[in-house]
1. Sort out which residues of the range 136-195 are buried (at least 21 other Cβ atoms within 10 Å of the Cβ) and of a type in the set (Lys, Arg), and write them in order of number.
2. Restricting the search to the range 353-371, which residues are of a type in the set (A, V, I, L, M) and farther than 11 Å from Gly214 by Cβ?
3. Considering each residue of the range 274-332, count those that are part of a helix (DSSP H, G or I), closer than 23 Å to Ala372 by Cα and aromatic (Phe, Trp, Tyr), and give that number.
4. What about Met26, is it surrounded by 15 or more Cβ atoms within 10 Å (Cβ to Cβ), touching a residue at least 24 places away in the same chain (Cβ under 8 Å) and not acidic (Asp, Glu)?
5. Tally up the residues in the range 60-113 that are of a type in the set (Ser, Thr, Tyr), surrounded by fewer than 16 Cβ atoms within 10 Å (Cβ to Cβ) and either in contact with a His (Cβ under 6 Å, 6 or more places away or on another chain) or part of a loop (DSSP other than H, G, I, E, B) (or both), please.
6. Identify the residue in the range 253-270 that is in a helix (DSSP H, G or I) and modelled with pLDDT under 90 and, among all such residues, is nearest to Thr152 (Cα to Cα).
7. List, please: which pairs have Cβ atoms under 9 Å, are six or more places apart or on different chains, and start with a residue in the range 320-342 that is assigned by TED's automatic domain parsing to the domain that holds His157 and of a type outside the set (A, V, I, L, M) and end with one that is at pLDDT below 95 and assigned to a helix (DSSP H, G or I)?
Amino acid sequence: MLYQIYETQRSVMEPFADLAHTAAKMYNNPLNPFGQSQLAHRVSAGYELMHRLGKDYVKPEFGIRTVQVGKVDVAIHERIEIDKPFCELRRFKRFTDDAATLTGLKGQPAVLIVAPLSGHYATLLRDTVKTMLKDHKVYITDWKNARLVPLTDGEFHLDDYVNYVQEFIRHLQGTYGNCHVISVCQPTVPVLAAVSLMASRGETTPLTMTMMGGPIDARKSPTSVNNLATNKSFEWFENNVIYKVPGNFPGAGRRVYPGFLQHTGFVAMNPDRHATSHYDYFKDLIKGDDASTEAHRKFYDEYNAVLDMDADYYLETIKTVFQDYSLVHGTWNVKNLQGKNELVRPQDISTTAMLTVEGELDDISGSGQTAAAHGLCSSIKPANRQHLEVAGAGHYGIFSGRRWRETVYPAVVKFILAHNDSDTKKKAAPKKAAKTAAKTAPKAAVKAAAKPTAKRAVKAVAKKAPSRKK
């Protein structure tokens with residue numbers, strides 16, 4: 001009912017927002033005899049602010065048309081590589097007529113950026129993508145608004161998220177041999193799960209995984225986001241924030257956590273900051289400060305554009321990540337595509353290098369939450385693990401803006417390049433080694449490989465079976 005009430009109110013307000021926009025233009029028109037007066041500027045600014053507060057914000061475009069590689073402007077073409085019911089794997093393909101630049105582009109690493117599914121669209125990572133495109137082949141998970149997904153497309157669970165990530169990783173591996181993975185905020189947990197499961201099965205894992213500002217262990221330095229999830233029961237979330245999509249959308253009847261409720265929560269975290277920002281926008285309009293007003297519009301066009309999340313996925317995330325801490329307790333089972341549960345074991349990851357990044361002033365994922373991944377991934381050699389804390393950076397600063405471009409990105413690109421040569425690495429895969437032993441080694445080796453201890457299996461294979469590399 002609340003969702004329907006909100007949609008009705010939005011529909012009623014939309015014409016008034018459009019009218020306010022028209023009035024703002026009229027009072028600011030230089031052909032208007034009163035348009036140059038100070039009073040007209042104030043009236044125009046008031047109407048413009050009313051329009052911004054009342055308008056409906058739709059999904060923004062990435063809008064990346066070109067990127068500079070060296071001294072050459074390279075054209076960017078967006079295309080959907082894989083289209084899943086709840087997500088599109090989006091590729092930013094680069095084109096140039098410069099032969100030397102083209103040769104360089106072909107040899108650059110492939111990177112999968114896993115964007116958060118936590119209220120905002122993947123376009124929130126526009127700056128991340130644009131910066132990465134200078135030195136990498138870039139793909140990103142572009143999550144869909146759940147209210148636009150018909151009920152016939154089925155449900156979406158946290159397990160499905162993990163399976164999506166694995167499918168996308170395998171796609172890049174099949175295309176380029178291997179890839180690197182970057183997860184920002186919420187997806188650090190399912191990405192770690194995805195790579196862990198691949199390692200446990202003996203699959204080839206990504207060359208590196210970079211995890212930025214995510215709640216790997218939400219018990220450390222809890223923020224207001226963590227406190228809300230722990231202070232309220234699972235039933236409270238199910239009864240108070242889950243609603244059915246109204247009938248005027250393709251996903252009518254789907255249970256979701258609506259975007260407008262999420263946006264209310266975002267604003268409630270820093271109401272004074274947003275009020276000041278809008279008042280400054282009003283004053284900048286009066287002064288005619290076009291640069292400041294345009295920066296405000298760009299930020300809030302992104303910030304105010306929110307999507308609905310499928311209820312099953314959202315509730316399971318609350319329980320698994322913020323209430324049960326299943327990942328750090330070693331009790332998280334993920335249902336695979338065959339319907340079987342697999343235990344998430346980060347300690348099985350051994351051949352993927354790991355970089356964790358945290359902002360000193362992050363008020364969403366507190367200090368130490370992301371770095372906790374190092375304790376879980378105990379089989380990754382210390383030489384292949386790094387942690388970066390960005391002084392003075394908040395949550396958004398580690399993946400967007402000046403600190404991202406000047407501090408974080410240089411560290412990320414250096415880390416990726418240092419671990420990009422897969423041919424120099426031996427991919428340890430105990431389970432696959434045991435299977436190989438059953439086919440190629442004598443009976444003594446087969447018996448040793450059949451024993452449950454992975455180390456003994458690998459030793460037996462090493463004696464009798466030919467060595468394998470991935």
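1. Matches in the range 136-195: Lys137, Lys144, Arg147.
2. In the first step, residues of the range 353-371 are kept if they are of a type in the set (A, V, I, L, M); the result is 353-355, 357, 361, 364, 371.
Ala353, Met354, Leu355, Leu361, listed by residue number.
3. Count: 2.
4. Working: surrounded by 15 or more Cβ atoms within 10 Å (Cβ to Cβ): yes; touching a residue at least 24 places away in the same chain (Cβ under 8 Å): no; not acidic (Asp, Glu): yes.
No.
5. Start the filter on the range 60-113 by keeping residues that are of a type in the set (Ser, Thr, Tyr), which leaves 66, 96, 101, 103.
Within this subset, residues satisfying the condition of being surrounded by fewer than 16 Cβ atoms within 10 Å (Cβ to Cβ) are 66, 103.
With the extra rule that they be either in contact with a His (Cβ under 6 Å, 6 or more places away or on another chain) or part of a loop (DSSP other than H, G, I, E, B) (or both), the set shrinks to none.
Residues meeting the conditions: 0.
6. First pass over the range 253-270, keeping only residues in a helix (DSSP H, G or I): 259-269.
Those left that are additionally modelled with pLDDT under 90: 262-269.
Numbers: Gln262: 25, His263: 27, Thr264: 30, Gly265: 30, Phe266: 31, Val267: 34, Ala268: 35, Met269: 36 Å.
So, considering only residues that are in a helix (DSSP H, G or I) and modelled with pLDDT under 90, the one nearest to Thr152 (Cα to Cα) is Gln262.
7. Phe322/Val225; Phe322/Asn226; Phe322/Leu228; Phe322/Ala229; Phe322/Thr230; Gln323/Ala229; Gln323/Thr230; Gln323/Phe234
Residue by residue, here is whether (1) in contact with a Leu (Cβ under 7 Å, 6 or more places away or on another chain); (2) surrounded by fewer than 19 Cβ atoms within 10 Å (Cβ to Cβ); (3) in contact (Cβ under 8 Å) with a residue 24 or more places away in the chain holds:
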| site | (1), (2), (3) |
| --- | --- |
| Thr276 | no, yes, no |
| Arg297 | no, yes, yes |
| Val306 | no, no, yes |
| Arg345 | no, yes, yes |
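The values are calculated or read from the model by the stated rules, or taken from the named source; none is laboratory data. These numbers were taken from a predicted model, which means no experiment stands behind them. We place every Cβ from the backbone using ideal geometry, glycine too, and count neighbours over all the protein chains shown.
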